[in-house]
Amino acid sequence: MRPTSILLGSALFLACASTTEAPTRTLVWEDEFNGAAGQLADPATWSFDVGEDWGNAQLEYDTDRASNASLDGNGNLVITARRESFRGRQFTSARLKTAGKRTFQYGRIEARMKLPRGRGMWPAFWMLGADFPATPWPAAGEIDIMENRGQEPSTVHGSLHGPGYSGGNARTRSRTLANARLDNSFHVYAVEWTADRIEHYIDGERYFTTTRADLPGPWVFDKPFFIILNLAVGGNFVGAPDNITTFPQQLVVDWVRVYEAIP
């Protein structure tokens, strides 16, 4: 995704890696989205971006209504995209962020989610530099932990954006699961972030590594970032919904967790 004009207890976690022994982490923040059905996400952590487009030719109007983003009473946050006429748009959805409330620098950031399906669905779990918008995009930096095209139900995309490597020229890679879909079961999406390396994971498998030397521009990932969860409708990355795409569509988030910085 791209920006708008716009995460403590302790526990132990064994972070899976595809080729190295799993190190021990300390859980420093989590949101399990426990609460009554229809309740908004914890306002001490989450706020809404309200508006339209955000520079990606998206088709939805993002609201702060419970009908577009609320708890389901079963320990999930559900972001719902609807086909409805609203403030000049034909679709509504929601976009939640931790900006100004919780920011993080380094560590493991992960979420367990079930994605929507269908052409035109664009779910994302990502981060922006906490100095945005005072520092404009892409200089503020962007870490896309998970993006998906609804028409590609087995493929996850991970990307980094910064000066000289943004938009269509972002540092990016995808991973297609051989025998699983992202829309009919939960999967865990994560990054491991250090001072000079960012690794992307799905279900504990590392599929993408970026170091400072890999970037054609400056490394802008040495400062705090905030988290964003959203479900876009349409946009340059996915195209518009077609007549097969059904509504409502949902991004279901079981939890978001952050583990301490890697030593």
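Among 213, 240, 180, which is hydrophobic (A, V, I, L, M, F, W, C), over 18 Å from the mean Cα position of the chain (by Cα) and farther than 29 Å from residue 120 by Cα?
After applying the criteria, what remains is 213.
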Residue 111 being in a loop (DSSP other than H, G, I, E, B) and among the hydrophobic types (A, V, I, L, M, F, W, C): no
Restricting to region 149-199, count the residues that are of a type outside the set (A, V, I, L, M, F, W, C), within 23 Å of residue 253 (Cα to Cα) and touching a Leu at 6+ places or on another chain (Cβ under 7 Å). 3
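Select, from 159, 85, the only residue that is within 20 Å of residue 237 (Cα to Cα) and small (Gly, Ala, Ser).
Being within 20 Å of residue 237 (Cα to Cα) and small (Gly, Ala, Ser) holds for just one of 159, 85, which is 159.
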Please enumerate the residues belonging to region 157-202 that are in contact with a Pro (Cβ under 6 Å, 6 or more places away or on another chain) and open to solvent by 20 Å² or more (accessible area, probe 1.4 Å). 163, 164, 166, 181
Please go through region 32-49 and pick out each residue that is loosely packed, with under 14 Cβ neighbours inside 10 Å and either of a type in the set (A, V, I, L, M, F, W, C) or touching a Pro at 6+ places or on another chain (Cβ under 7 Å) (or both). 36, 37, 44
Across region 122-156, what is the total count of residues that are under 17 Å from the mean Cα position of the chain (by Cα), aliphatic (A, V, I, L, M) and open to solvent by 10 Å² or more (accessible area, probe 1.4 Å)? 1
Consider only pairs whose beta carbons are under 6 Å apart and that are at least six residues apart or on different chains; among these, list those whose first residue lies in region 47-76 and is over 13 Å from residue 234 (Cα atoms) and whose second residue is surrounded by 20 or more Cβ atoms within 10 Å (Cβ to Cβ) and of a type in the set (Phe, Trp, Tyr). 71/33; 75/33; 76/33
Filter region 91-129 down to the residues that are touching a Lys or Arg at 6+ places or on another chain (Cβ under 7 Å) and either over 14 Å from residue 156 (Cβ atoms) or modelled with pLDDT under 95 (or both) and list them by number. 91, 92, 105, 108, 129
I want to confirm something. Restricting to region 107-121 and keeping residues that are touching a Phe, Trp or Tyr at 6+ places or on another chain (Cβ under 6 Å) and open to solvent by 10 Å² or more (accessible area, probe 1.4 Å), which single residue is nearest to residue 91 (Cα to Cα)? 114
Looking only at region 203-222, how many residues end up being open to solvent by less than 50 Å² (accessible area, probe 1.4 Å) and farther than 30 Å from residue 70 by Cα? 10
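The values are calculated or read from the model by the stated rules, or taken from the named source; none is laboratory data. For clarity, every value in this text was computed on a predicted model and none was experimentally measured. Virtual Cβ from ideal backbone geometry, glycine too; neighbours counted across all protein chains shown. Keep in mind that these areas ignore ligands, DNA and RNA; they rest on the heavy atoms of the full protein, side chains included. Shrake-Rupley method; radii C 1.70, N 1.55, O 1.52, S 1.80 Å.
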